Amino acid sequence: QVQLVESGGGLVQAGGSLRLSCAASGRTFSSYAMGWFRQVPGKEREFVSAISWSGGNTYYADSVKGRFTISRDNAKNTVYLQMNSLKPEDTAVYYCAARRAGARATMADQYDYWGQGTQVTVSS
């Protein structure tokens, strides 16, 4: 089983930036595709971005395309989400997820492992 821990969330003004990190345990990190999701109370978990095992393939929700960038450093067992030009509607708990398959997955139930989430709040 893979353990995932998110960090880097916080409070930021609209138009600002944050960089989220997801640290994974174990030596098999590079075998997993990774994704970022976000969720607000009372709503479904929403796909944000995903990245393949090698980092060569990335995917983004239309709502964040051009503003967010996903990357990974397999030597550090870490996935990142650089968030620029943040908007109040980006406010959510952001979750890191992993799956033992390719990164072409946008549904939460397609992922095998989840972190506890990190809060991102964007003020007007």
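The values are calculated or read from the model by the stated rules, or taken from the named source; none is laboratory data. Since we're looking at a predicted model, the values are computed, not measured. FYI the Cβ positions are ideal-geometry reconstructions off the backbone, even for glycines, and counts take in every protein chain you see. Each accessible area value is taken on the protein alone, full model and side chains, heavy atoms only, with ligands, DNA and RNA left out. Shrake-Rupley method; radii C 1.70, N 1.55, O 1.52, S 1.80 Å.
For segment 27-59, give me the residue count where each residue is of a type in the set (G, A, S) and open to solvent by 50 Å² or more (accessible area, probe 1.4 Å).
Residues in segment 27-59 being of a type in the set (G, A, S) and open to solvent by 50 Å² or more (accessible area, probe 1.4 Å): 5 in total.
Residues being over 23 Å from R67 (Cβ atoms), assigned to a helix (DSSP H, G or I) and touching a residue at least 40 places away in the same chain (Cβ under 8 Å): count how many of those fall in segment 101-120.
0
Considering segment 60-79 alone, what residues qualify as being buried (at least 18 other Cβ atoms within 10 Å of the Cβ) and either touching a helix residue (DSSP H, G or I) at 6+ places or on another chain (Cβ under 6 Å) or among the charged types (D, E, K, R) (or both)?
R72, N77, listed by residue number.
Check segment 65-73 and report whether any residue there is among the aliphatic types (A, V, I, L, M) and within 10 Å of the chain's Cα centre (by Cα).
Let us first name the residues in segment 65-73 that are among the aliphatic types (A, V, I, L, M), namely 70.
After this cut, where a residue has to be within 10 Å of the chain's Cα centre (by Cα) as well, the list is 70.
Within segment 65-73, one or more residues are among the aliphatic types (A, V, I, L, M) and within 10 Å of the chain's Cα centre (by Cα).
Of the conditions (1) touching a residue at least 24 places away in the same chain (Cβ under 8 Å); (2) assigned to a loop (DSSP other than H, G, I, E, B), K43 clears all except one; give me its number.
Status for K43: all satisfied but (1).
Could you tell me whether A98 is under 23 Å from Q1 (Cβ atoms), part of a loop (DSSP other than H, G, I, E, B), touching a Phe, Trp or Tyr at 6+ places or on another chain (Cβ under 7 Å) and touching a residue at least 24 places away in the same chain (Cβ under 8 Å)?
When the stated conditions are applied, A98 does not pass them.
Restricting the search to segment 87-115, which residues are more than 16 Å from Y32 (Cβ to Cβ), open to solvent by less than 70 Å² (accessible area, probe 1.4 Å) and more than 13 Å from the chain's Cα centre (by Cα)?
P88, T91 - these are the residues of segment 87-115 that are more than 16 Å from Y32 (Cβ to Cβ), open to solvent by less than 70 Å² (accessible area, probe 1.4 Å) and more than 13 Å from the chain's Cα centre (by Cα).
Using the structure shown, decide if L20 is within 18 Å of S123 (Cα to Cα), open to solvent by 50 Å² or more (accessible area, probe 1.4 Å) and in contact (Cβ under 8 Å) with a residue 60 or more places away in the chain.
Answer is no for this residue.
Restrict the check to segment 5-17 and report whether at least one residue is more than 13 Å from the chain's Cα centre (by Cα) and without any contact (Cβ under 8 Å) to a residue 24 or more places away in the chain.
Checked against the condition, which is being more than 13 Å from the chain's Cα centre (by Cα) and without any contact (Cβ under 8 Å) to a residue 24 or more places away in the chain, segment 5-17 yields no hits at all.
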